[in-house]
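The values are calculated or read from the model by the stated rules, or taken from the named source; none is laboratory data. Please read all numbers here as calculations on a predicted model, not as lab measurements. Note that each Cβ is placed from the backbone with ideal geometry, even for glycine, and that neighbours are counted across all protein chains shown. When the accessible area is computed, the model is the full protein with side chains, heavy atoms only, and any ligands, DNA or RNA have been set aside. Shrake-Rupley method; radii C 1.70, N 1.55, O 1.52, S 1.80 Å.
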Amino acid sequence: MGKKPVKYSVVDAFADSAFKGNPAAVCLLEEERDDEWLQSVAAEFNLAATCYLTRIAEPEPGEVRDSVPNPRFRLRWFNPLAEVKLCGHGSLAASHFLFNSGLFQSNNIEFLTLSGVLTAKRVPETKQADFLNLENREAQRYFSIELDFPATPLTEFDSAEIPWISKALDGASMIDMKKTTTDRDLLVVLPSGKTVADLLPQFDEIIRWPGRGVIVTGIAPPGSGFDFFSRFFCPKSGINEDPACGSAHCALANYWSKKLGKCDFIAYQASPRGAILNLHLDEKSQRVLLRGKAITVMEGCLLV
C-alpha cells in the first residue's frame, strides 16, 4: 500500500501581504517519513525552511499534563541542505497553518523541537473579522502570532581574526562586532539602517565564515517607525539571504536592548522582500517574544 499524500501549504511569514516576508513550506504528516525523504522534499521546495508537523496525542513518558492541555505537535525544520535546530519564520508559518486548519479551537500551541518546548499564541488584532463573518482565508489577516523563543547570548569578537570581513561586506564601515554562542553567527553593526539596506554582500567571501551566517544591523533611520534594521546572509544553508529570520532576532534583541536601554522593539529586516518583527525581551528569563503576521499563498499535496 502506497504512502498517503501529504498536505502542504506555502506561507509567507512576518508579512501581512503576499510575496513579502519569508516563505516556508509546511507539511502535516499523518505517518512517519524517514530523514532522507524529509531532506529531499526540503530540497525540492528550495525554500529557507520546510517544516514538518506531527500531532502528539499523548503526554510524553513521565510527563504530567493539565486536564485540558494545549494542542501539541512535533516540529522539525529543514533548509535545502540540512536540518536546523531553531527557525523563527518556520515556526510562525507552522503556527499560522495550524491556527487556520480547523483541527482545534485553542489560541495556544506547543511545539516539541530540537530547541525544547516552544509555544505559539494567537493574538487577535480586531473584532472586524467576526463582525463581517469572514471566511477563514480572509480572516487570517486579523490576528498576529506570538512565539516564545530563547534569547541568544552574545560574546565579544575581534574583526582582526577575519581580515576578509570588510571585503565580504563591500567595504562598509563596521562599528561593532559580536558572535552568537549558539549557531556561531557573526553579528556586525554598521553605521546606520540605510547602510544595512544598501549593502551589496559578497557571498563568495561570506561563505568563509565558519559559523551559520552573518547578521548585519544598524540603527533605524529617524522617522521610519522602526528601532533597527537588519539582514542575514547564510549561503551555507543553500539560501544566500534569509528574507526574515526570527532566530537572528533572538540575538538582535539582546544586542539592541543594551544599546537602546529598552526591551520592546519594532524591527525591520531590510531584505529585498522586507519583513516586520515586533520583539519583547524578558531579561530575567532570557526569553524573546517574536510577534508577526503570516499569509498562506499556496496549497497542495505531495504525491510521493
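Inside the range 79-123, can you point out the residues that are more than 16 Å from Asn278 (Cα to Cα), among the β-branched types (Val, Ile, Thr) and open to solvent by less than 30 Å² (accessible area, probe 1.4 Å)?
Residues satisfying the conditions are Ile109, Thr113.
Look at Asp204 and say whether it is among the acidic types (Asp, Glu) and closer than 25 Å to Asn46 by Cβ.
Yes.
Which of (1) open to solvent by less than 60 Å² (accessible area, probe 1.4 Å); (2) out of contact with any strand residue (DSSP E or B) (no Cβ under 7 Å at 6 or more places or on another chain) does Lys284 not meet, given it meets every other one?
(1)
The rows are residues; the columns are (1) farther than 27 Å from Leu81 by Cβ; (2) modelled with pLDDT of 95 or more; (3) surrounded by 24 or more Cβ atoms within 10 Å (Cβ to Cβ).
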residue	(1), (2), (3)
Ile215	no, yes, yes
Pro221	yes, yes, no
Gly225	yes, yes, no
Gly238	no, no, no
His249	no, yes, yes
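Of everything in the range 66-78, what is more than 15 Å from Lys236 (Cα to Cα) and surrounded by 21 or more Cβ atoms within 10 Å (Cβ to Cβ)? Give them in sequence order.
Phe73, Leu75, Arg76, Trp77, listed by residue number.
Which residue pairs have Cβ atoms closer than 6 Å, lie 6 or more positions apart in sequence or on different chains, and pair a first residue in the range 268-290 that is at pLDDT below 95 with a second residue that is open to solvent by 60 Å² or more (accessible area, probe 1.4 Å)?
Listed pairs, sorted by first residue: none to list.
What are the residue pairs meeting all of these: first residue in the range 150-171, first residue basic (Lys, Arg), second residue open to solvent by less than 70 Å² (accessible area, probe 1.4 Å), Cβ atoms under 9 Å, and 6 or more apart or on different chains?
Lys167/Gln202; Lys167/Glu205
Scan the range 152-179 for residues that are closer than 23 Å to Gly116 by Cα and either in contact with a Pro (Cβ under 7 Å, 6 or more places away or on another chain) or in a helix (DSSP H, G or I) (or both) and report the count.
Selection size over the range 152-179: 0.
Got a number for residues in the range 124-152 being at pLDDT 95 or above and open to solvent by 50 Å² or more (accessible area, probe 1.4 Å)?
Number of matching residues: 0.
Could you tell me which numbered condition Pro69 fails, if it satisfies all but one of (1) part of a loop (DSSP other than H, G, I, E, B); (2) under 23 Å from Ala251 (Cα atoms)?
Every listed condition holds for Pro69 apart from (2).
Any chance you could count how many residues in the range 4-28 are surrounded by fewer than 21 Cβ atoms within 10 Å (Cβ to Cβ) and in contact with a helix residue (DSSP H, G or I) (Cβ under 9 Å, 6 or more places away or on another chain)?
Qualifying residue count for the region: 5.
A quick yes/no check of all residues on (1) aliphatic (A, V, I, L, M); (2) at pLDDT 95 or above:
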position: Pro5; (1), (2): no, no
position: Val10; (1), (2): yes, yes
position: Phe19; (1), (2): no, yes
position: Val26; (1), (2): yes, yes
position: Ala43; (1), (2): yes, yes
position: Cys51; (1), (2): no, yes
position: Ser67; (1), (2): no, no
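Show the residue pairs meeting these rules: Cβ distance below 7 Å; 6+ apart or different chains; first residue within the range 186-211 and modelled with pLDDT under 95; second residue open to solvent by less than 40 Å² (accessible area, probe 1.4 Å) and among the acidic types (Asp, Glu).
Gly211/Asp185
Kindly indicate whether Ser247 is under 22 Å from Glu146 (Cβ atoms), among the polar types (S, T, N, Q), touching a residue at least 60 places away in the same chain (Cβ under 8 Å) and touching a Phe, Trp or Tyr at 6+ places or on another chain (Cβ under 9 Å).
In short, yes.
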